[in-house]
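Coordinate-derived values only; no laboratory data. Not measured: the values here are computed from a predicted model. Cβ placement follows ideal geometry from the backbone for every residue including glycine, while neighbour counts extend to all protein chains displayed.
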There are 4 protein chains.
Amino acid sequence: MVGGGQGAFIGAVHRIAARIDDRYELVAGAFSSDPDRARASARDLHVAPDRAYESWLEMATREAERPDGVEVVAIVTPNHMHAEPAIAFLNAGIHVVCDKPLCHTLEAAQALERAVTASRALFALTHNYTGYPLVRQARGMVAEGAIGAPRVIQVEYPQDWLTMPLESSGQKQAAWRTDPARSGAGGSVGDIGTHAFNLAEFVTGLRVEALAADLTAFVPGRRLDDNAHMLLRFAGGTRGMLWCSQVAPGNENGLRLRVYGTRGGLEWAQEQPDILVHAPFGEAPRMLRRGGAGTTPAATHATRIPSGHPEGYLEAFAQLYRDFAEQVLAAQEGRTADPSCCLVPGIEEGMRGMRFIAAAVASSQADAAWMALA
Amino acid sequence: MVGGGQGAFIGAVHRIAARIDDRYELVAGAFSSDPDRARASARDLHVAPDRAYESWLEMATREAERPDGVEVVAIVTPNHMHAEPAIAFLNAGIHVVCDKPLCHTLEAAQALERAVTASRALFALTHNYTGYPLVRQARGMVAEGAIGAPRVIQVEYPQDWLTMPLESSGQKQAAWRTDPARSGAGGSVGDIGTHAFNLAEFVTGLRVEALAADLTAFVPGRRLDDNAHMLLRFAGGTRGMLWCSQVAPGNENGLRLRVYGTRGGLEWAQEQPDILVHAPFGEAPRMLRRGGAGTTPAATHATRIPSGHPEGYLEAFAQLYRDFAEQVLAAQEGRTADPSCCLVPGIEEGMRGMRFIAAAVASSQADAAWMALA
Amino acid sequence: MVGGGQGAFIGAVHRIAARIDDRYELVAGAFSSDPDRARASARDLHVAPDRAYESWLEMATREAERPDGVEVVAIVTPNHMHAEPAIAFLNAGIHVVCDKPLCHTLEAAQALERAVTASRALFALTHNYTGYPLVRQARGMVAEGAIGAPRVIQVEYPQDWLTMPLESSGQKQAAWRTDPARSGAGGSVGDIGTHAFNLAEFVTGLRVEALAADLTAFVPGRRLDDNAHMLLRFAGGTRGMLWCSQVAPGNENGLRLRVYGTRGGLEWAQEQPDILVHAPFGEAPRMLRRGGAGTTPAATHATRIPSGHPEGYLEAFAQLYRDFAEQVLAAQEGRTADPSCCLVPGIEEGMRGMRFIAAAVASSQADAAWMALA
Amino acid sequence: MVGGGQGAFIGAVHRIAARIDDRYELVAGAFSSDPDRARASARDLHVAPDRAYESWLEMATREAERPDGVEVVAIVTPNHMHAEPAIAFLNAGIHVVCDKPLCHTLEAAQALERAVTASRALFALTHNYTGYPLVRQARGMVAEGAIGAPRVIQVEYPQDWLTMPLESSGQKQAAWRTDPARSGAGGSVGDIGTHAFNLAEFVTGLRVEALAADLTAFVPGRRLDDNAHMLLRFAGGTRGMLWCSQVAPGNENGLRLRVYGTRGGLEWAQEQPDILVHAPFGEAPRMLRRGGAGTTPAATHATRIPSGHPEGYLEAFAQLYRDFAEQVLAAQEGRTADPSCCLVPGIEEGMRGMRFIAAAVASSQADAAWMALA
């Protein structure tokens, strides 16, 4: 693991997610750029001192040399520290699980893309919401025509944790997420907008071709957007909207997707992830429940326990780790991975996310003019 | 009543709404342009034959002459037949309750505006959702600062009844609502978008200054938009989005407003009108219920029965009629009306609705360029 | 109308309910036993002075003599004043709509039952929750086997308005509802338990054969139960529970019925009356919505406006009045009433409610021993 | 681990729960009474062949002898195989985590109770629903008087998976759960009724003193109850009801608790575990959310990730394992365990559950007569 030392949030999530299905063991790490914190974190995590590195570069080099070196590394640093370590590990032949968004600039992203292409190692990007069973089910249902051809896609991701200038208080998460040097050009757009964008494309299989975005930093002094409103145009004439916000009081983590087609609609909300509402036009809406009647194999693959026993964020996150383990194993064994394990987002989704951020920022700077997503 | 003969929908709603609080009696009408249907409708409605008119013009003239002529007329025809009868009755000194939107063209609207200004008779526009007790409460709470200064306003109004080309089936409601000659330039924008727009302005007291709209007619052959996506900019820097759709399967009448300010949020949905969620930032969200704890006088004024006994669409609609009766009575008695009865939308809201439709259509024709609302 | 003067609650509900469908006009009343209040109430309600009576007896006598005397009377007094006036009007050949429960003692109920049998006038009891469209739909679905044979019936009706000793404050509603002399032997059991009991029997068509009840008066000094817990045994082996409470904080009017059969389940809650959840065993639950897909003729009959436009308590109440009007008209015209109008509860349901109260009180006095309902 | 071999359900849950917080490693097991299945299961779970035992007795003996023997054993067999292995491990000084209910007969339970008392090893019973953060919060809030003195407790636990005679199909879970020899005298009462009972006592701190139960086996041929209705009397005059069912179509795992006191109410439902509704009497209900505003230290202790990121069944289950690890560690280190880790149910709760089952069965056999719980 690179990053995720004391005081971090997402590092702990990755560790639990990797552990739930017992396919990973944490044996080495460069947990912090601060040597003391790196050492202390390693101790907390029962990582042997000789594998607690002071830098990711040292870690990549040394682990690649060890016969028992790590097979997979998780990169859980702030955005500006994604690309370089990822490239180093990929070059060293070590598989990479990288937190989203891909990185902080389009240039860094392109360098990383080249490294992924050149390496025999695999690359996964934790757009973790794609790990929810009913998100996968929704994707399959759209593909199979359950709602006909999509016409309208509404996706939103409101939060409220940055309603006040939390970054001024020294809170670590708020500090780097509102800092262009560490986050990149997008604030809420990069942090959560990319999740919403990814979810819409993942479920519908459609690509956003153009967007018109109105980004705002509502909190005085904030340097990055904390709210974004967008019109979306998808390939084939489908249209939509995307709203993400970190200043919407009462919303904790309100990612929600609605897709309406010629023959029906689908609705899913992250805070009640075990329910997928399917409304065939002209029939009563049905509440599909994870593990319950109407569950598809894609959902069952991503399910651990029976319906009615809530699964949540950690299990969805774990699904990416579990599927990636199968991909790694298949690669090691020289065989094709089980297709049900191949829905894990990777470099392509990462590049689209970067282009999404760039287009949103450019559009907003041009007063919400339409911008194409290549 | 003008319009509302056999086969109509909104006419019956107006009649029930007027009756609930026992402030109106139906004694005359021009129920249909078809004389047979007009007569038959009058018979159904127990209106005396000599007051069942064949035209609204005759009705306005003759009722104005009678010593016991109608005091108030309700105009419930399709949009293109709003302005002329309304002007005729206003000129005859008869108070007018008019269904929304104001009419079908900006020119007709301006003529009507002049008539309202010139007449001593009063004019009400049935943006009926403003009659819900908790909508009025929300308005008061925003005004009193319960959520601080509004930053973000999300309003949406999805339906699904036009998912298929219903107008081809001869269904009367669908036929005129998708016909530019009778509806005006806006389809979903005029029919339900105006409600959403009105609700956002009513509750927040803020005015939309500019919008960027993407209108679509998804159903092949349809001549007016059946879906609209918009970015909104309000006075003072507040931003928002508006979505209305008649092709979103699973949605019946999903008008929903969310307002987020510097210190809290408010959420209200028309299909559960007896609940208003208030989320003060940093506190647990509260479910305010009509008639329950935390109800304001503005809500109590619009409430008939105790909390837990659901009130609905008809009671909210009736509230406009009840309040308008007090206005009429006050005018007749030469006194100032009770302020709590003065929230009924009128010509100003009607004109704003017309400008909203015009701006949305113009913006969409200009590829979602920003259009100002005067 | 008998009762329903100034300060009353249910009288106003009856008046609106009678008015909504324009089948009744209020022309006479004995609104209060206090002559001043009776007169003032009549004035408020636009009832002519010569038809504002000081007593129900006078009203029954005089109205029966008038050629334009009332055809139907609504009795909306406290329970102990139901039977005598009802008998007087029935004897005078005037149709009666009586508020529930039937009355305050079994003896009075039996006298009333005899009067109903002897009279050619009709009798309706306002178990108003049976007027909800989806309650009628549920009844039809059970009858047609949509859930197979019922096994388990859970019905509950929690409120919170008597959590504190409100009767000590002089509040009129609380005062008579907690007074055995005016309410009868049941407190919450009589006031709301009878509604729950009636709803369970109405929807399932099954009869409670025996019950074991544990009644409590939690508020110190209260003379009647404010909470009741019961085990129920229905004909044919179906079992259930009934809970009613007026001391359950957070509950406003939480009547809720769940029925589970060999092949499916049904759930309905009064505070969201426009939704009926139907869960066929082994399939995803469906949300049936009033007026939406899957609506039965019985529900459509009781519906006024399209789905998505909430109907509520007043409309459901009005349905009983509307249906009763058709029964009265049919009787006057010497024809059979439309069967869809014949679901209005009457004397039989009233007698069952009285026996339910008696059994519950007797069971509780015998430490929750089983008591049969004849 | 004892039990939990291939084909089992709860064994896998225990393994994930133990792993999430990285405090346990699975190193030995007697996974099945079938030697082949035991071996295969061990292989699947990466347990060394020499620590994959053919019997729990052998495992207890041999592991106790090893210097690196297990510190804790999880017993996840059917009910009739809980007590004997638990006693063996306790006698061997190995800490025990045992699935609920405690066992299948009161006699076995008493033997186990003696073993727990005699042993220096610790004993935990996985009433896993007590591990939910908001369940712990509710317990604390009741203790601190947030709702005043409890008056009414409604607890229910409906499921639907035994609506049909699934046990006849050979389904393993259904087979032993409906078999008196393996489950004991209670069917739904033992399997899920004990959870509901435990939850009610855990949250309120009150003890059921007497119950009157009506148990039914609705499915023809079923030997144990699949539905139970009960009246409850708690110490101090609090009253309640308990309903559990495995034949209620549409219900997956509907454990739900409502507690109403003199000053407020609390509601929690297992299928939406991240919400706790608190209704102070006379105020608007508040939606407390895990990790959000109003969270107590007891809830925070049991929380892993921020609010809005759903936690579920596995995390709640894991909480018992995590807390028990601290208890074990404290015991090993000769210190007092952190009090926040001492809410894990143990032998006392297990014994109460056994008495609850016995009382329910006895009451039902006596036609729902009151039975005391010692």
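Numbers for the structure displayed
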quantity	calculated
For the range B:289-305, Karplus couplings with θ = phi - 60° (6.51, -1.76, 1.60), whole Hz, Gly/Pro x	10, 3, x, x, 4, x, 6, 8, x, 4, 6, 4, 4, 9, 10, 10, 10
Quarter of the Cα convex hull surface for the range C:154-283, i.e. its orientation-mean projected area (nm²)	8.8
For chain A, built as a Gaussian network whose Cα springs stay under 10 Å, the top-fluctuating residue of A:Pro101, A:Pro306, A:Pro297	A:Pro306
Spacing of the two label points (7 Å from each Cα toward its C-beta) at B:Ala210 and A:Ala118, in nm	4.6
Label-point gap, in nm, between B:Arg43 and D:Lys172 - each point 7 angstrom along Cα→Cβ	7.6
The range C:56-111, Rg to Rh (Cα coordinates; Rh as Kirkwood inverse mean 1/r)	0.98
Reduced Cα scattering model of the range B:223-374, Debye log10 I(q)/I(0), q = 0.20 Å⁻¹	-1.36
Inter-label distance for D:Leu106 and C:Ala235, nm, one decimal - labels placed 7 Å from Cα along Cα-to-Cβ	4.0
Along principal axes, Cα extents of the range A:184-239, largest first, whole Å	40, 18, 14
Kirkwood-based Rg to Rh ratio, the range B:10-121, C-alpha trace	0.95
For chain C, share of DSSP beta bridges that run antiparallel, in % to the nearest 5	70
For residues of D:215-224, the mean tally of beta carbons on other chains within 10 Å	2
Rotationally averaged projected area of chain B (alpha carbon convex hull; nm²)	18.5
Modelled FRET efficiency - R0 41 Å, C:Asp36 with B:Asn91, Cβ distances, 0.05 increments	0.30
Exercise: per-residue mean of other protein chain Cβ atoms within 10 Å, C:271-283	5
Cα-based Rg of the range C:114-175 normalised by 2.2 N^0.38 Å, two decimals	1.79
Pairwise FRET efficiency - A:Ala293 versus D:Asp50, Cβ, R0 = 60 Å, nearest 0.05	0.85
Sparsely packed trypsin sites (Lys or Arg not before Pro) within the range D:83-156, loop by DSSP, other Cβ within 10 Å at most 12	D:Arg120
Top of A:Gly11, A:Gly292, A:Gly190 by mean-square fluctuation, Gaussian network on chain A, Cα under 10 Å	A:Gly292
Dmax and Rg, reported as Rg then Dmax, of the range C:281-341 (C-alpha, Å)	15.0, 50
Relative intensity, log₁₀ I(q)/I(0), of the range C:88-145 from a Debye sum that treats every alpha carbon as a point, q = 0.24 Å⁻¹	-0.91
Rg/Rh ratio calculated on Cα atoms of the protein assembly as shown (Kirkwood radius)	0.98
Zero-based 5 Å bins, Cα pair distances in the range A:230-274, whole percents	5, 15, 22, 24, 18, 11, 5, 0
Dmax and Rg, reported as Rg then Dmax, of the range B:120-220 (C-alpha, Å)	16.7, 50
Against the rule of thumb 2.2 N^0.38 Å, how large the Cα Rg of the range A:321-374 comes out	1.73
Fluctuation leader among B:Val155, B:Val247, B:Val189 - chain B, Gaussian network, Cα springs under 10 angstrom	B:Val247
Average beta carbon contacts from partner chains per residue of D:316-325, 10 Å cutoff	1
Computed FRET value (nearest 0.05) for A:Arg335 with D:Cys342, which takes r as the C-beta separation and R₀ as 41 Å	0.25
Candidate lysines - alpha carbon under 24 Å from D:Lys100, same-chain residues fewer than 8 apart omitted	D:Lys172
